[in-house]
Amino acid sequence: MSLRPAPDSSLSAARRSRELTGTVGGPAVDVLVVGLGATGAGAALDAASRGLSVVAVDAHDLAFGTSRWSSKLIHGGLRYLAAGQFDVAHESAVERGALMERTAPHLVRAQPFVLPLTPLVSRGQAALAWAGFHAGDALRVTARTARATLPPPRRLSAVETRRLAPALRADGLRGGLLSWDGRLVDDARLVTAVARTAAAHGARILTRVRALELTGSGALVRDELTGEEGEIRARAVINASGVWAGGLVDGIRIRPSRGTHLILREEDLGPLPAGMHIPIPGETNRFVLVLPQGDGRVYVGLTDEPVEGDIPDVPEVPETDIGFLLDVLGSVLNLPVRRQDVVGAFAGLRPLLDTSPEGHRGTTARTSDISRRHAVLTSSEGVITVVGGKLTTYRRMAEDAVDAAVAGRGLAAGPSPTASLPLVGAASPEVLDALQAPRHLVRRYGTEAPAVLALGERDARLSERVLPGHPVTGAELLWAVRHEGALDEADVLDRRTRIGMVPADRAAALEAVRELVGEGLVSRG
């Protein structure tokens, strides 16, 4: 097994500088993508894999916006099936299968979930949920995802339920329902893998480059590191900037929905071999999710609340969201989780397309009822905007956006190959299991795990954990700078390793991270 990253996939400060210089004021490229979340990085990969010349820019970092604030789940579409959105449900199941079996099996694994049948869950609700889980398994079949990849649902006794979720209150527990879905080890790592795969196909991935103005033939941009402005010319322009899309193209109306998660320490809930679906009182098809992360942390979420006003770079978490999630969690646990047990919280803004009549935005149904269908819109100037959707279907959204660019601008390109194109680090389960590297590295880096491990073997200091109790090592920090496009400690802490999601952990690791990141940038120029 090679101890080097995939050919030409490495992103670094030096590569960014070199490619930025050759892009701004240079010859027109086929496609300019604005936004490097999952959909934007996916569009860059889709276009580049068709043989088109591509530049993708972002004002911040890879996965800076909504794409890093998800539940880390790759949904099979069950919720959309229940809402009658059969096309969305099928599309989700197909994309989940592609990620788990072909494009990113190192990053997406099967996650078991227990729905505890507590006194708050009526027998009618339990029957409805059971029927829904079987419908979800039927979706798996129609999507041609193997049963070995996602096992079928089954009923659990009370003893089995507590074995998988020991924190549950035993009183009145009459059993549980076990179901399976896809789960990412890290959503920001998925975006990084997509961007690096795009780079391996020739795309120029330029972070810290802000698009100031868009037209159908390019963009005025500013290098956020130097303040220099210039023009990038392109035959087609794709606006994939998510909740900020309306600020770049007139006529795009986004209705953001805030999804909040809490972060708890694993010791506050005890061992969790499975995640949990906790029904929200008064709702028939909404649940709070309890999501063990495998790194000593547990996420609890999520909310679905409309957001008005200006869109912040990093959304704040209101106390009302925290209180709501703690109340629902407390309805099923043996011991209460207190406010002081919440060691972190994060919120993401879903870029839902507002389809309400102009001037009647307030009359639209609540955001939890707005369709998660995505839309590809072309402005009068020819800018293509892709909005809506969800993380699971990023690849399909990207494909549809590039299809629109190819058709609308007459670009010479064939159909998308990305449904079967492995991302950097991907391999079959058999190959991944045979790698000589710790499992936590394989789950994050796939076939590149031995290369990350080798950095630590060459320098003992890099083999040490950056933070007690957290699995990330110094070698991973150096790898982030040399190969994953991290330009400063925030990129490393908040998006490449996720240490920074817990403020106390971020503060404890900051100096060590700053030192290693500085060394990595200096050593690579």
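The Cα atoms of region 94-244 cover 66, 32, 25 Å along the three principal axes, with the biggest extent listed first. Over the chain, DSSP H runs of length four or greater, each weighted -39,500 (n - 2.57), average out per residue to a 222 nm ellipticity of -9500 deg cm²/dmol. When the charge dipole of region 429-523 is built from unit charges on Cβ atoms (+1 for Lys and Arg, -1 for Asp and Glu) and taken about the Cα centre, the candidate among LEU467, ALA486, GLY456 whose Cα reaches farthest toward its positive end is LEU467.
What per residue convex hull volume, in Å³, do the alpha-carbon atoms of region 429-523 yield? Each step should come with its number before you reach the end.
Details: hull volume 8.8 nm³, N = 95.
Roughly 92 Å³ of hull volume per residue.
Return the inverse of the average 1/r over all pairs of distinct C-alpha atoms in region 24-163, which is the Kirkwood hydrodynamic radius, in Å to one decimal.
Working: mean 1/r = 0.0556 Å⁻¹.
Evaluated over region 24-163, this radius sits at 18.0 Å.
Net charge dipole, the chain: roughly 1480 debye, given to the nearest 20, about the Cα centre with Cβ charges of +1 for Lys and Arg and -1 for Asp and Glu. Site pair ALA148 and ALA83 shows an inter-label distance of 3.5 nm when each label is modelled 7 Å from Cα along Cα→Cβ.
Here the residues HIS134, HIS106, HIS277, HIS75, ranked from fewest to most Cβ neighbours within 10 Å of their Cβ, fall in the order HIS134, HIS277, HIS75, HIS106. With the charge dipole of the chain set up from +1 on Lys and Arg Cβ and -1 on Asp and Glu Cβ about the Cα centre, the Cα lying farthest toward the positive end among the listed residues VAL307, VAL141, TRP69 is that of VAL141. Under a 5 Å amide H cut-off, with hydrogens placed 1.01 Å from N, GLU484 pairs with LEU11 among residues at least 5 apart or on other chains.
Order by neighbour count: MET397, MET100, fewest other Cβ atoms within 10 Å first, most last. All intermediate terms of the calculation are to be shown ahead of the outcome.
Values: MET397 28, MET100 23.
So the residues, fewest neighbours to most, are MET100, MET397.
Sorted from fewest to most neighbouring beta carbons within 10 Å, what does the list ASP488, ASP30, ASP46 look like?
On the way: ASP488 18, ASP30 21, ASP46 35.
Sorted ascending by nearby Cβ count, the order is ASP488, ASP30, ASP46.
The stretch between ALA110 and GLU229, if pulled fully straight at 0.36 nm per residue, gains 38.3 nm over its current Cα-Cα span.
With the simple spin-label model, which puts each label point 7 Å out from Cα in the Cβ direction, the ASP327 to LEU128 separation comes to 2.0 nm.
FYI, it's all coordinate maths here, none of it is from the lab. Bear in mind that the values here come from a model prediction, so they are computed numbers and not experimental data. All Cβ positions, even for glycine, are placed from backbone atoms using ideal geometry, and neighbour counts span all protein chains on display.
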